[in-house]
Amino acid sequence: MLNIEEIRSQFPILQTRVYGRPLVYLDNGATTHKPLVVLNKLQEAYTSFNSNVHRGVHALSDKASVEYEGARETVKRFINAPLVSEIIFTSGATASINLVAFSFGERYISAGDEVIISEMEHHANIVPWQMVCKRKGAVLKIIPVLDDGTLDMERYRELFSSRTRIVAVTHVSNALGTINPVREITRIAHDNGVPILIDGAQAIQHGNVDVQDIDCDFYLFSGHKVYGPTGIGVLYGKSEYLNEMPPWQGGGDMVDRVTLEETTFNELPFKFEAGTTNFIGAVGMAAALDYLKSTGIEEIGLREKELLDYATRKLEGIEGLRIIGTAPEKIPIISFLLEKVHMYDAGMILDKMGIAVRTGTQCAQPLINRFGTDGVIRASMTFYNTMEEIDALAAGIVKVKEMME
Ligand code: C6P
């Protein structure tokens, strides 16, 4: 059992008041708050070892490099990657997907080839693939979403052809909360001889992720959604692909030898880390992953299931409220519509009550449109949320209805 009061005391921003009311933060899908251990680690980094990594022989640079490479080890252990050289630091999930789409695309995708994504992807896992398909003359094929917000697995199996080069799907839908069966999705791709990228931006903070167990070829996430800093993220990739893929960006640290005529590249993972990386962000993110581990990922999962069940029951009881996304396996995200109130009106009135929810397409426009609407209201919870906050949301929605209907 988690001690939620004690946990909440570790997140200073949760004490904030908004318009004089206690903050009810239900926008954790967009970004999570940071515990003191992360904030303290960032302070320690800037005040005691700030110096560029891999570049100096002096003490501070050495300490910063050790901390940075230690953060890479922490990520490797957290996702159970086989090799530390398979962990690449990026600026976030979006950058990780763009890296793969560009670099894998350069090496492996040609005119007439096919890429499979799903209808439930965040824009970050749609647009980079559209760009590479356009550049290469390749074709994007789409796994449809069923009415309950799960993937149409039958259709998925039928999408493969001898021209399929890669599958890119999300582990968890940011808009519906659906947890996809990524092991099965991966096995089907591999049965067809095709590698797979999994977008873990909404998954890694809610349950154990073991990339060897999933057997995916690429996995990625952002630091700011796992209670770490912004501007840092991770790309895990199997060396058999990363070694073959060309660099994405050129610059310092990603090189082996440079002449004015020609350059040879550094080994993994540095080949994909051009320029000064966000080494302090990496160290802060590692502190966040350690915090999650010591809090207990399993306990977090159980707590979040309780929150989801309670919130679902509460919201289902409100007349005229329709939940979009009713998959049997979900993280604590509830997207909904109110029959007679526009989502933006609802979001703005809830805000005045101190309740933060997200309104709109959730950066997943094709998915939202597939449910016959151009936006939803999304309450995304995490383990530090309370049942009282869910009560406040439900009461807030009832008030919105009273005011607007
Ligand atoms: N989703 C949300 O409110 P970045 O912006 O690079 O950290 O993450 C992009 C991204 C990629 N995949 C998924 C599944 C995501 O949910 C996100 C970010 C936020 O749902 C902000 S749009």
statement: Of the listed links LYS340/LYS399; LYS76/LYS136; LYS76/LYS293; LYS136/LYS225; LYS314/LYS399; LYS225/LYS305, those spanning more than 22 angstrom between alpha carbons are LYS76/LYS136; LYS136/LYS225
message: For LYS401, give me every one of the aspartates and glutamates with a C-alpha distance below 13 angstrom, ignoring sequence neighbours fewer than eight places off in its own chain.
response: GLU319, GLU339, ASP345
- request: Go ahead and set up a Gaussian network model of the chain, Cα springs under 10 Å, then flag whichever of SER48, SER65, SER103 fluctuates most.
  value: SER48
message: Just to confirm the filter: which GluC sites (Glu not before Pro) across segment 293-325 are DSSP coil and have at most 11 other Cβ within 10 angstrom of their Cβ?
response: GLU319
query: What angle do you read, to the nearest 10 degrees and between 0 and 90, between the alpha-carbon axis of helix 297-316 and the longest principal axis of the chain?
result: 40 degrees
- prompt: Which percent of Cα-Cα pairs in segment 128-199 sits in each 10 Å bin, short to long?
  reply: 18, 52, 28, 2
- request: Taking the chain as the reference, fit the longest principal axis to its C-alpha atoms, fit the long axis of helix 182-191 to the helix C-alpha atoms, and give the angle between the two in degrees, 0 to 90, nearest 10.
  value: 40 degrees
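If we count every other residue with Cβ under 13 angstrom of ARG157's Cβ, Lys/Arg +1 and Asp/Glu -1, where does the sum land?
Neighbourhood net charge equals -2.
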statement: Taking the square root of 5λ for each eigenvalue of the C-alpha gyration tensor of segment 1-46, the equivalent ellipsoid has semi-axes, largest first and in whole angstrom, of 20, 15, 12
Fraction of antiparallel bridges per DSSP, the chain only, in percent to nearest 5: 60 percent
message: One quarter of the convex hull surface, Cα atoms only: what value does that give for the chain in nm²?
response: 20.8 nm²
- prompt: Can you run phi through the Karplus equation (6.51, -1.76, 1.60; θ = phi - 60°) for segment 78-93 and list ³J(HN,Hα) in whole Hz, with x for Gly and Pro?
  reply: 4, 9, 6, 6, x, 10, 5, 6, 8, 9, 10, 8, 10, 8, x, 4
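All of the numbers you see were taken from the coordinates with simple rules; none came from a lab. Remember, it's a predicted structure, so these values are computed and weren't measured experimentally. Heads up, the Cβs are rebuilt from the backbone with ideal geometry, glycines too, and the neighbour counts pull from every protein chain shown.
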